[in-house]
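The values are calculated or read from the model by the stated rules, or taken from the named source; none is laboratory data. Computed from a prediction, not measured in an experiment: that's the story for all the values here. Note that each Cβ is placed from the backbone with ideal geometry, even for glycine, and that neighbours are counted across all protein chains shown.
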Amino acid sequence: MIPLKYYLILSAAFFSIGIIGVLTRRNAIIIFMCIELMLNAVNLTLVSFSSFFGDSSGQIFVFFVMAVAAAEAAVGLAIIIALFRNKLTINVDEVNIFKW
Amino acid sequence: MTTYDLIFYLFALIILVSAFIVVAARNIIYSAFSLLFTFFGVAGIYVLLNADFIAVVQVIIYVGGILVLIIFGVMLTNKITEVEIKTESFQVLPSIIISGIIGGTLVAIFTKTNWKVAEPQILDKTVTEIGRFLVSHYMILFELAGIILLVALIGSVMIARKEKLETEEVEK
Amino acid sequence: MIEQYIPLILAILIALLFSLFLLKASSWFGPQRPNPEKLSTYESGMEPVRTARERFSVKFYIVAIMFIIFDIEVVFLYPWAVNLKNLIDLMGFFIIAEMFIFIIILLAGYLYLLKKGALKWD
């Protein structure tokens, strides 16, 4: 039987990989994918706690996180498409009209 | 080292390697397809944790829905002349330091804390449990999730669809 | 516990191996005598005029959004539907009204988009 710690360490490592992606990549869609990775890492933590404490509330939280993630994916990618239509780029460092 | 352990390490390896490919691949299509393996790996871990319903939902929503949306996003935003969709990275060293700090803190918290673990209980029929909690205890959250989905539906369609309106106005 | 999943794992393995086999089989077994005419995009058809890797219309993306939102609606319906009987015993017909509110909220969004003409395909 794998102890709880191993699952938690796995999700921590997974989360840090997501952070590296968000900070280093310039393409907005890859930043998006890395946010999905981080959400998955959090879900992993919730499910492992839920399973090890024998309480199914954690799984319901995962349920809601997934619904919000899907809503976020729909709106976020729509914004990225609108951005591409107006600026013809989705590199986040070239989208700087708010910067002066 | 039982079979159970072996399966855990296999899935952990799949998750970490494919997550790394998502972050490091030069071609955005490679990132998108490696995200597929990450999602399947996470679903495998859910099965190991006796959360079978959540594992199926993970496959349906993430692989069947979000990944399709992401690939649509890739297809809709590449430049027409550009066949190879390359992307670069920047600020590599500082971000590795930052994520090392955050990940190290998380690992320290997770390992130092004395979690009060009961004997790992097998929740049989997780679907029934989830259904009962979802419509009784988390009722308000459930309806709010419906409203979030409504807002996302209308908002994203309206944002993505603007192109058509503009061309219509130009034609008029 | 994990033994229940052996058929699933076998199905995934067989699907993977079989599709890989089919992908490679034609190049292993078929005779290959290529010539320039055979290798053109449409043999004895018209010449391709431009690249096929074009950006496609955003209308497909709108359909994908619709799909994912109603996908989630179905996933939310599922745990409610499988033990509806127990829930009615537990809480009465309030349960059904609750789910109908949820469905009507999403249906309102769908009808709004339909009225706005977001699904018109011209």
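Residue under question is residue C:43, and the condition is that it be at pLDDT 85 or above and among the charged types (D, E, K, R); does it hold? Write out each step before concluding.
Details: at pLDDT 85 or above: no; among the charged types (D, E, K, R): yes.
Judged against the criteria, residue C:43 is not a match.
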*Looking at (1) closer than 21 Å to residue A:60 by Cα; (2) more than 7 Å from every other protein chain (Cβ to nearest Cβ); (3) not small (Gly, Ala, Ser), which is the only condition residue C:110 fails?*
(1)
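For region A:20-31, what are the residues that are within 22 Å of residue B:33 (Cβ to Cβ) and facing chain B (nearest Cβ under 7 Å)?
Start the filter on region A:20-31 by keeping residues that are within 22 Å of residue B:33 (Cβ to Cβ), which leaves A:20-22, A:24-31.
Across region A:20-31, the qualifying residues are A:20, A:21, A:24, A:25, A:26, A:27, A:29, A:30.
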*Could you pull out the residue among B:169, B:143, B:129 that is on the phi < 0 side of the Ramachandran plot, at pLDDT below 85 and surrounded by fewer than 18 Cβ atoms within 10 Å (Cβ to Cβ)?*
B:169
*Any chance region A:41-58 includes a residue that's of a type in the set (Asp, Glu) and assigned to a helix (DSSP H, G or I)?*
no
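For region C:43-116, which fully contained helices (runs of 4 or more DSSP H) count at least 3 residues that are under 30 Å from residue A:78 (Cβ atoms)?
Values: elements: C:59-82, C:84-91, C:94-116.
Once the helices (runs of 4 or more DSSP H) in region C:43-116 are filtered for at least 3 residues that are under 30 Å from residue A:78 (Cβ atoms), what remains is C:59-82, C:94-116.
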*Which residue pairs have Cβ atoms closer than 9 Å, lie 6 or more positions apart in sequence or on different chains, and pair a first residue in region B:105-117 that is more than 7 Å from every other protein chain (Cβ to nearest Cβ) with a second residue that is at pLDDT 80 or above and in a helix (DSSP H, G or I)?*
B:105/A:12; B:109/A:8; B:109/A:12; B:116/A:53
_Positions within region C:66-93 being of a type in the set (Phe, Trp, Tyr) and facing chain B (nearest Cβ under 8 Å), in sequence order_ = C:67, C:76, C:78, C:80
_Test set (1) more than 7 Å from chain B (Cβ to nearest Cβ); (2) assigned to a loop (DSSP other than H, G, I, E, B) - residue A:1 fails condition number_ = (1)
